[in-house]
Amino acid sequence: MHPLAEKYLRKAGLPLIFCPGCGDGTVLNVFLRAVEEMGIFEELALVGGIGCSGWLPTYLKADVLHVLHGRAIPFAIGLKVTDPRRRVVVFTGDGDCVGIGGNHFIHGARRNIDLTVIMMNNGIYGMTGGQVAPTTPLRGRTQTSPYGNIEFPFDVCDLARAAGATYVARWTAAHPRQLLRAIKEGIEHRGFSFIEVVSQCPTQAGRYLEGTNDPAELLALMKKRAIFADQAKRVSSQDVAGRIVVGTLHHLRGKREFSEALYESFPAEKKDPFTAGKAEAGEK
Amino acid sequence: MQRAVIHGNEACVRGALAAGCRFFAGYPITPASEITELMAQMLPRCRGIFLQMEDEIASICAALGAAWGGSKACTATSGPGFTLKQEGIGWAAETDTPIVIIDVMRGGPSTGQPTSSSQQDVMQAKYGSHGDYEVIALTPSSVQEAFDLTVKAFNLAEVYRNPVILLSDEIVGHTREKVRIPEQVEVVPRRKPQSSPQDYVPFRPTWQGFLEGMPAFNQGYKILVDGQLHDEYGVRAGHKPDISAQLVERICRKITDHAKDLVDVEEWLLDDAEVAVVAYGSPARPSLRAVKEARAEGIKAGCLKIRILWPFPETVLDMLCSRVRRLVVPEMNIGKMVREVERVVAGRVEVISLPKIGGEMHTPGEILRAIE
């Protein structure tokens, strides 16, 4: 076993539920390297949503909530505000984050609360058998769009930025080094950090949307499609169509962070307003 | 002792703060908004956290996150909001998470009657989320009880590590009356684990089926809290029939095995009663009046007021059956709890269901006619 796995994985949970060749394993690998390099493992509070990607934190020997479909961000908010020193990281998928959880996502970003949201985007509902997602490309054929998807997909990074996120980056599972840097930057950034990882899904999206279940082919495809953000600005929009714009897409420093603002907003008066008892919660 | 004239929703807030609630997340909804407003005002003055979330689901989920963050947490709502909170209630039951949910009942179904009262949510409180689980539900009938039972709800949430529902209603919530608020109330603090992080098994039942204690996050326990059925270590086991069955049985029996400890009723004039009114929440008030009027007419009537509705106080009802010849069950719904009464009575005495829908409470006269 890899020394990092030996050090940080909850071995009773193994083997991983991910299919062979899934991009989510890369995210787990890169995340462990990031927290090892940062030396912050003890400060982590992790939240996983529902879907393949939501399982990721359950394999880490850390404090972990594995919650309800779409609700990872509200749970994470509860953890963050009860102790802002926590480094709260949310692992979610495209369906979890912007399908069923879309409202929580935009409101989390709007508050600029210091969470790091890592969204693994495979463009499909994978765990349930390959149904159309809010990120499935137009005309993509899935189990629930058998005649081709007629809906336009979200650009989730655009959505995050528009809603108020202050760190937004996109990479693919074929860019582990860049992703490592982004995860470190995202965790370090005081505010709502959103990192999209375009992730290959050989079992579902690969077979139905790309016509191959070969992970190597899918990785090569993502690398070929990727275009760096600064380069994308220099070429025509036609040349960007169908490409995956990767890089740090937005980084705004200094915007007021929610949990800090919350504690600063407390009135000076400390006394129990109702004088109805001096009880304190058992732990603080 | 402090005396005040306040409404039931304020009494809930005072009770929650006295019981150690230091986190509240809510969403505006009639007739529960006063709870959210007062929490917004008062919690920051106790160094507690108030959040108005984007919706009802986010509110309960933030409260559940806060519970694992180390706070006593609460959310409040009414009818449609209570429906939305059900998935969070199920998660709390499955993960042994203490949380208090206040439902100030209004008329339903759907948007229903936002400004009128009802008791239509009593079965939703018990069965609202999918799957097998148990809750504790308390039913105040006065502003004083709204205070007392909110304190009790927080204490029970800690003892049982379970979602506890305070089933208030619009009448209790918006009635202003005198309450006595003690300087100190009995508070059950969050129980910490006895064992060290190395030896701690988060979901292993110990004495009487209770778990050992609940660490907050980032205290070194490295706990996995999973809404999928899991083993004693928190590791997923939904694919393992034996372990799955054990967990579901444990979370149900954690409550049902203690049903006798959870009996909370008030008996009025029942010693020699031949007819008993069985009531909970607001209708308990006209019930007592009706019983007094019946006594004035020479009818031996009494009243059983249920303050903890779930788990249902079967033992009390069972004993009552051997003493009376008739039970009258007034409810502000189509007749829901009466089915539980009939199940326990099993034909031994006459049971008269007295449902009332439309938003108004029973008059003493309506109950009196059923007694006669």
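Table for the structure above
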quantity	calculated
Count of the stretch B:312-327 residues which are modelled with pLDDT of 95 or more and under 20 Å from residue B:370 (Cβ atoms)	6
In the stretch B:251-262, the residues that are surrounded by fewer than 16 Cβ atoms within 10 Å (Cβ to Cβ) and farther than 20 Å from residue B:131 by Cα	B:260, B:261
Answer residue from the stretch B:23-50, given it is within 7 Å of chain A (Cβ to nearest Cβ) and out of contact with any Ser or Thr (no Cβ under 6 Å at 6 or more places or on another chain) and is surrounded by the most Cβ atoms within 10 Å (Cβ to Cβ) among those	B:49
Residue within the stretch B:232-241 that is surrounded by 14 or more Cβ atoms within 10 Å (Cβ to Cβ), of a type in the set (A, V, I, L, M, F, W, C), away from chain A (no Cβ under 11 Å) and under 26 Å from residue A:79 (Cβ atoms) present	no
Residue ranges of strands (runs of 3 or more DSSP E) in the stretch A:139-230 with at least 2 members under 19 Å from the mean Cα position of the chain (by Cα)	A:167-172, A:193-198
Hits in the stretch B:49-72 (condition: of a type outside the set (Asp, Glu) and either in contact with a Cys (Cβ under 7 Å, 6 or more places away or on another chain) or under 19 Å from residue A:100 (Cβ atoms) (or both))	B:53, B:57, B:58, B:59, B:60, B:61, B:62, B:63, B:64, B:65, B:72
Options B:18, B:92: the member that is farther than 21 Å from residue A:74 by Cα, buried (at least 24 other Cβ atoms within 10 Å of the Cβ) and not β-branched (Val, Ile, Thr)	B:18
Tally of residues being within 10 Å of chain B (Cβ to nearest Cβ) and more than 21 Å from residue B:198 (Cα to Cα) across the stretch A:35-53	3
Test for residue A:27: is it out of contact with any Asp or Glu (no Cβ under 9 Å at 6 or more places or on another chain), in contact (Cβ under 8 Å) with a residue 40 or more places away in the chain and farther than 24 Å from residue B:52 by Cα	yes
Test: residue B:44 is in a loop (DSSP other than H, G, I, E, B) and at pLDDT 95 or above	no
In the stretch B:239-249, the residues that are touching an Asp or Glu at 6+ places or on another chain (Cβ under 9 Å) and either farther than 13 Å from residue B:134 by Cα or in contact (Cβ under 8 Å) with a residue 12 or more places away in the chain (or both)	B:240, B:243, B:246, B:247, B:248
Any chance residue B:65 is crowded, with 24+ Cβ neighbours inside 10 Å and either assigned to a helix (DSSP H, G or I) or within 11 Å of chain A (Cβ to nearest Cβ) (or both)	yes
Hey, residue B:87 of a type in the set (Asp, Glu), at the interface with chain A (Cβ under 7 Å from one of its Cβ atoms), surrounded by fewer than 22 Cβ atoms within 10 Å (Cβ to Cβ) and outside any loop (DSSP other than H, G, I, E, B) or not	yes
Residues of the stretch A:85-112 classified as more than 10 Å from chain B (Cβ to nearest Cβ) and not in a helix (DSSP H, G or I), total	6
Of the criteria (1) in contact with a strand residue (DSSP E or B) (Cβ under 9 Å, 6 or more places away or on another chain); (2) in contact (Cβ under 8 Å) with a residue 60 or more places away in the chain; (3) among the hydrophobic types (A, V, I, L, M, F, W, C), which one residue A:34 fails	(1)
Among residues of the stretch B:14-62, those that are more than 24 Å from residue B:111 (Cα to Cα) and of a type in the set (D, E, K, R), counted	4
Index of the failed condition, residue A:282 passing every other in (1) buried (at least 18 other Cβ atoms within 10 Å of the Cβ); (2) at pLDDT 95 or above	(2)
Residues within the stretch B:157-201 that are of a type in the set (Phe, Trp, Tyr) and in a loop (DSSP other than H, G, I, E, B), tallied	1
Given (1) within 11 Å of chain A (Cβ to nearest Cβ); (2) in contact (Cβ under 8 Å) with a residue 60 or more places away in the chain; (3) among the basic types (Lys, Arg), index of the condition residue B:3 fails	(1)
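The values are calculated or read from the model by the stated rules, or taken from the named source; none is laboratory data. Since the model is a prediction, treat every value here as computed from it, not as a measurement. Cβ: placed from backbone, ideal geometry, glycine included. Neighbour counts: every protein chain shown.
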